[in-house]
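Take a look at the structure below.
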Amino acid sequence: MKIKYSEMLEFDDGYRLEDFLPMPINVVDSSDIFSLGNKTVFDIKQMFGSKETIFIDGIAIKPVSLSKLYRSRGTDGSYHAIYIQIDHTSGEYYIGKVNRKKWSELRRYQGSGIKFSSKYSKHKDRYSRYYLYICESEKETEILEAQLVNEKLLTDPFCLNLVKGGGGVSVKPHSEDMKARQSAYMKEHPERYKAMLEVAHNFDKQKIQDRNNKIKQTMSTDEYKQMSSNRIKNWAKNNPNEYKKSRMNNAKAVANPEVQKKRLETIKIKAKEDPESYRLRMKKWVEATHSPEVRKKRSLSLRKYIEEHPEAVIERSRKAGLKRRKPVLMLDIKTGDVLKEFAGIVDAGQWLINNGITKSTNPGSSIAAACKLKKIPGHGTKQTAYGYKWKYKE
């Protein structure tokens, strides 16, 4: 059945009264259709499903089902839609846009128009909300709303919109040049920004520090830490891919040399300002990172990584060895002349094995002892290994 509320809005619920009544009746105006015994047309419609068509200025629009809207997120992962609120008693209506990150937020949102909000708060039960379009972005909702809520629609006395649609989204970035011009203008017209400038120039630093300390104290309580931990665990459980991506981004940001340098400078300042607090903090950190439970957990995690990524472990070990190795010289025992130079102790040991000088599987340990002139109990100082003297190249 098609109902004409105004020159700009018509509503067709997709059903005929004859389908639900023993005999046809003549509908004189829209108010007649709301008293059909104990059931209204809209109650009956909910029983059989929705087939509505909404005509706005002659344009036929099929409302979007909630299930389809729920499955349709925009390019930024949020929900974007155009909706209409219709008072089926008075025929008044309001068209708006909604942009929300969460489904629960979208379902709660009814509209923000001043005139509409006032009427909706008094007659919530008379309004029905229909989603007209699903959009990909906030900017798209602005464009589409501007096309629907135009000057012609605002002339309709049943329309509760007060201003044309569109606007509210800025895509023009604030460039450095724009910021400089704004700053210069504020300085040239201090009388307009007197209150704001006074706050900026005369803020109470101690008050801000006290507030920050209060926040830190609250966040340091066991109850708050447990609450934060539970929140993170729940988020990681419900959004594993996003959590993994977040951890990777965090690790990447922390590994940045500039961040590391800034962190080190901050730690030095803290240690100088409050050495006792710094000592206790470092002690707590050592205990937390070297406790038996943490060491066991780290060991299990390392074993699992080695099993799952053997090639990566070998490559990492090779790079670490290359980074740590020092050039070593092989010297004649009698003259002390340099006979050969090796990139590292491992290379020197491998040369001894390849040339049949030793059958040891780890000749590097003896070469390292000779390079360091290591004192061996009962044998004195280790000066030679495999018939040669050894020393690190300076």
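Taking the range 133-152 as the range and being closer than 18 Å to T53 by Cα and either open to solvent by 40 Å² or more (accessible area, probe 1.4 Å) or modelled with pLDDT under 90 (or both) as the test, the residues that pass are Y133, I134. Which condition breaks for V338 when tested against (1) over 14 Å from G387 (Cβ atoms); (2) under 56 Å from the mean Cα position of the chain (by Cα)? Tallying (1) over 14 Å from G387 (Cβ atoms); (2) under 56 Å from the mean Cα position of the chain (by Cα), V338 fails exactly one: (2).
Can you find, within the range 159-169, the residue that is farthest from the chain's Cα centre (by Cα) among those that are open to solvent by 70 Å² or more (accessible area, probe 1.4 Å) and of a type outside the set (V, I, T)? For the range 159-169, the residue satisfying everything is L162. The residues of the range 79-126 that are of a type in the set (F, W, Y) and open to solvent by 50 Å² or more (accessible area, probe 1.4 Å) amount to a single one, W103. Selection over the range 90-101 of residues that are of a type in the set (K, R) and either without any contact (Cβ under 8 Å) to a residue 12 or more places away in the chain or in contact with a strand residue (DSSP E or B) (Cβ under 6 Å, 6 or more places away or on another chain) (or both) gives a count of 2.
Residues that are under 23 Å from the mean Cα position of the chain (by Cα), modelled with pLDDT of 90 or more and of a type in the set (V, I, T) within the range 73-115 comprise just one, V98.
Within the range 143-158, if we keep just the residues that are touching a residue at least 40 places away in the same chain (Cβ under 8 Å) and under 33 Å from the mean Cα position of the chain (by Cα), the residue that is farthest from G113 (Cα to Cα) turns out to be L144. A single entry from A236, A251 fulfils the requirement of being exposed (fewer than 10 other Cβ atoms within 10 Å of the Cβ), part of a helix (DSSP H, G or I) and among the small types (G, A, S): A251. Consider the range 368-394 and keep the residues that are part of a strand (DSSP E or B) and either of a type in the set (A, V, I, L, M) or touching a His at 6+ places or on another chain (Cβ under 6 Å) (or both). The one that is most open to solvent (accessible area, probe 1.4 Å) is I376. Pairs meeting the criteria (first residue in the range 348-361 and without any contact (Cβ under 8 Å) to a residue 40 or more places away in the chain, second residue open to solvent by 60 Å² or more (accessible area, probe 1.4 Å), beta carbons under 7 Å, at least 6 apart or on different chains) are L352/Y386; I357/Y386; T358/Y386. Kindly establish whether S117 is under 19 Å from L154 (Cβ atoms) and among the small types (G, A, S). Yes. Listed conditions (1) among the hydroxyl-bearing types (S, T, Y); (2) at pLDDT 90 or above; (3) open to solvent by 60 Å² or more (accessible area, probe 1.4 Å) are all met by T155, apart from (2). Taking the condition in a helix (DSSP H, G or I), aromatic (F, W, Y) and under 21 Å from G77 (Cβ atoms), does Y224 pass? When the stated conditions are applied, Y224 does not pass them.
The values are calculated or read from the model by the stated rules, or taken from the named source; none is laboratory data. None of the values given here were measured: they were computed from a predicted structure. When we count neighbours, we look across all protein chains shown, and the Cβ atoms used for this are built from the backbone with ideal geometry, even at glycine. Only protein heavy atoms, including side chains, enter the accessible area calculation; ligands, DNA and RNA are left aside. Shrake-Rupley method; radii C 1.70, N 1.55, O 1.52, S 1.80 Å.
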